[in-house]
Structure formats: C-alpha cells, structure tokens
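Nothing in this text is a laboratory measurement; each read-out follows from the coordinates by a stated rule. As the structure is a computational prediction, the values presented were derived from the model and not from experiment. Cβ coordinates were reconstructed from backbone atoms using ideal geometry, including for glycine residues, and neighbour counts include every protein chain displayed.
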Amino acid sequence: MITHLQAASPGARADTLLVFLPGAFLKLEDFEREGFVSAVREHNLAADVMLVDANVSYYYDQSFIERLHAGVIEPQRARGYQSIWLVGISIGGFGALIHELARPGRVDGIVALAPYLGRRPLGAEILKAGGLRAWRQPDGPPPDDEADRKLWPWLQQYADPAASRHIPPLYLGYGLSDRFAANHRLLAEVLPEGHVFTTEGGHDWPQWADLWRQMLDVLPLPVHSAAPVPLTVDV
C-alpha cells in the first residue's frame with residue numbers, strides 16, 4: 001500500500017497514529033483537500049497522521065486485510081507507536097472493521113464514517129428480528145464470500161458491556177439521508193452513548209467532514225502537553 005505520513009510536530013514522532021482509509025475510488029490526498037488533516041492540527045492533537053492508498057481492488061481480491069496488517073499496522077507498531085486508530089470512510093470503514101475481526105487487538109480504536117456494513121437484505125433480516133441485540137446468525141459457518149455474515153455477529157459484542165471491553169472502542173458517524181443509513185441505525189442502537197454522530201445529508205465529503213469535526217471534540221486522543229519524541233525513521 002502507498003502511504004503518506006505526516007508528523008504532528010516537525011521532526012518528531014507522536015505516540016499515537018491515525019490511519020486514514022479512503023472510500024471506493026477516493027484518493028489518499030482527498031483527506032487533506034477536505035480538511036481532515038488540518039482538523040487534527042486545529043484540535044492540537046498529539047497524533048501523527050498516515051494516509052493510506054487502500055485501492056478498492058484490494059477488497060475485491062480479498063487482499064485488503066493482509067495488506068493493511070503487514071504493510072501498515074505491524075511496521076508502524078515496530079516503529080514505536082503505542083496507540084493506532086483506524087479512520088475509515090465508506091468501504092474504508094468496512095475495511096477497518098473486518099481488519100479488527102480478522103486481526104483482533106492490533107488497533108486501539110476505530111472511527112467509521114458512513115461505513116459500508118454489508119448487503120441490504122441482511123440488514124432487513126436483522127431489523128425484522130428486532131435489531132442487532134435480538135438477531136441470531138443462522139446455524140453453520142457463513143460462506144467465505146459473505147464477509148457481512150461474519151461482521152454482524154462480531155458487531156453484536158458492542159451490545160454486551162462485558163464483551164465490548166475486549167474490543168476497540170468504535171465511533172460511528174453517518175448522514176441521516178445516507179444510502180447506507182438503515183444499516184447504520186442498526187449498529188448505532190448497540191453503541192455506547194456518545195459514540196454515534198449524525199448530520200443532515202447523504203454520502204459525500206461535506207457530511208464526512210462535518211462528522212469528523214464533531215468526533216474530534218470527544219475522541220479520547222492525546223493533546224500536545226510535552227516535548228515531542230524525535231523521529232528516527234524516515235517513512
């Protein structure tokens with residue numbers, strides 16, 4: 001994966017890294033153009049930013065998880081980051097979630113902005129069952145090509161306070177008219193208070209930028225309070 005690292009302070013490395021995953025057919029530089037990186041700086045967060053060119057083809061050939069794990073998460077852990085958060089838009093949010101499903105415990109938090117959460121018929125099935133708390137996966141392992149059948153049972157852990165202590169905190173944001181909003185509402189019902197953000201509008205950058213700025217006011221991320229650690233690795 002092509003990546004671009006921006007340090008929180010010139011010539012220094014923070015202890016926290018925010019990894020941005022774009023939506024389908026979006027470019028890593030879009031995060032800069034739409035103000036995502038500048039918003040981090042405006043909030044005085046002691047967090048470096050890594051923009052990742054997670055091409056949509058990686059989802060189609062099912063190589064995304066290993067590419068993100070081996071090409072981004074593990075190398076950055078080795079370089080000394082103590083906390084890594086994934087920030088994904090649309091299919092990038094889906095990617096952040098399925099990575100944690102496949103590689104549990106490797107990140108410390110997830111921000112999912114208007115995430116793709118799977119097929120609408122499956123969402124309708126969950127809704128008909130009474131929501132995510134009441135829904136039960138049919139017996140038998142799901143087919144390998146039905147990642148959403150694997151994801152929703154994992155997401156049910158957020159409905160259980162005991163189980164949710166063992167998975168990363170998840171923050172969800174979506175537009176009320178987003179084409180995926182029906183599935184977003186199913187997930188929102190099981191997330192803790194203060195972890196769900198909404199805005200008017202649909203599935204586009206104005207909504208995502210608004211949501212991101214809302215979230216930055218409350219995300220448990222460190223702010224600058226001490227001298228930065230000098231960078232020792234050229235990325």
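Charges only on Cβ, +1 for Lys and Arg, -1 for Asp and Glu: so what's the dipole of segment 3-218 about the Cα centre, in debye to the nearest 20?
The calculation lands at about 340 debye.
Round to the nearest 10 and give me the degree value, 0 to 90, for the angle of helix 91-102's Cα axis relative to the longest principal axis of the chain.
80
In degrees, nearest 10, range 0 to 90: what is the angle between the Cα axis of helix 205-216 and the longest Cα principal axis of the chain?
On a 0 to 90 degree scale, this one is about 70.
Let me know the shape class of segment 19-67, please: from the alpha-carbon gyration tensor, a ≥ b ≥ c as square roots of the eigenvalues, rounded when a/c is under 1.5, otherwise prolate if a/b is greater than b/c, or oblate. Display every interim value, and only then the final one.
Values: a/c = 4.49, a/b = 2.05, b/c = 2.19.
Here segment 19-67 falls in the oblate category.
Hey, got a sec? Which GluC sites (Glu not before Pro) in segment 97-168 land in a DSSP loop and have at most 13 other Cβ atoms within 10 Å?
On the way: sites: 100, 125, 146; in loops: 146.
Answer by residue number: 146.
Given 222, 154, 175, which one lies farthest toward the positive end of the charge dipole of the chain, if we put +1 on the Cβ of every Lys and Arg and -1 on the Cβ of every Asp and Glu?
Farthest towards the positive pole: 154.
Evaluate E = 1/(1 + (r/R0)^6) for residue 39 and residue 106, where r is the Cβ-Cβ distance and R0 equals 25 Å; express this FRET efficiency to the nearest 0.05. Walk me through the numbers before you get to the answer.
Values: r = 25 Å, r/R0 = 1.01.
The formula returns an efficiency of 0.50 here.
In nm, to one decimal, how far is the residue 56 label point from the residue 83 one, both placed 7 Å along Cα→Cβ?
Between residue 56 and residue 83, the simple spin-label model gives 3.4 nm.
Would you mind working out the magnitude of the charge dipole of segment 97-228 relative to its Cα centre, with +1 at each Lys and Arg C-beta and -1 at each Asp and Glu C-beta, to the nearest 20 Debye?
Details: 13 positive and 16 negative charges, 44 e Å.
Roughly 220 debye for segment 97-228.
For a test of the definition: using alpha carbon positions, the gyration tensor, and the 1.5 limit on a/c, classify segment 115-222 as rounded, prolate or oblate.
Numbers: a/c = 2.08, a/b = 1.38, b/c = 1.50.
Because a/c hits 1.5 or more and a/b fails to exceed b/c, segment 115-222 counts as oblate.
Of the labelled options (i) 0.96; (ii) 1.05; (iii) 0.93, which one gives Rg/Rh (Cα atoms, Kirkwood Rh) as computed for this structure?
(i)
Select from 141, 161, 22 the residue whose mean-square fluctuation is largest in a Gaussian network model of the chain (Cα-Cα springs shorter than 10 Å).
Checking each option, the largest mean-square fluctuation is seen for 141.
Distance in nm between label sites at residue 124 and residue 213, each 7 Å beyond Cα in the beta-carbon direction?
3.8
Go ahead and estimate [θ] at 222 nm for the chain from helices alone: -39,500 (n - 2.57) per DSSP H run with n ≥ 4, summed, over the residue count, rounded to 500.
-8500 deg cm²/dmol
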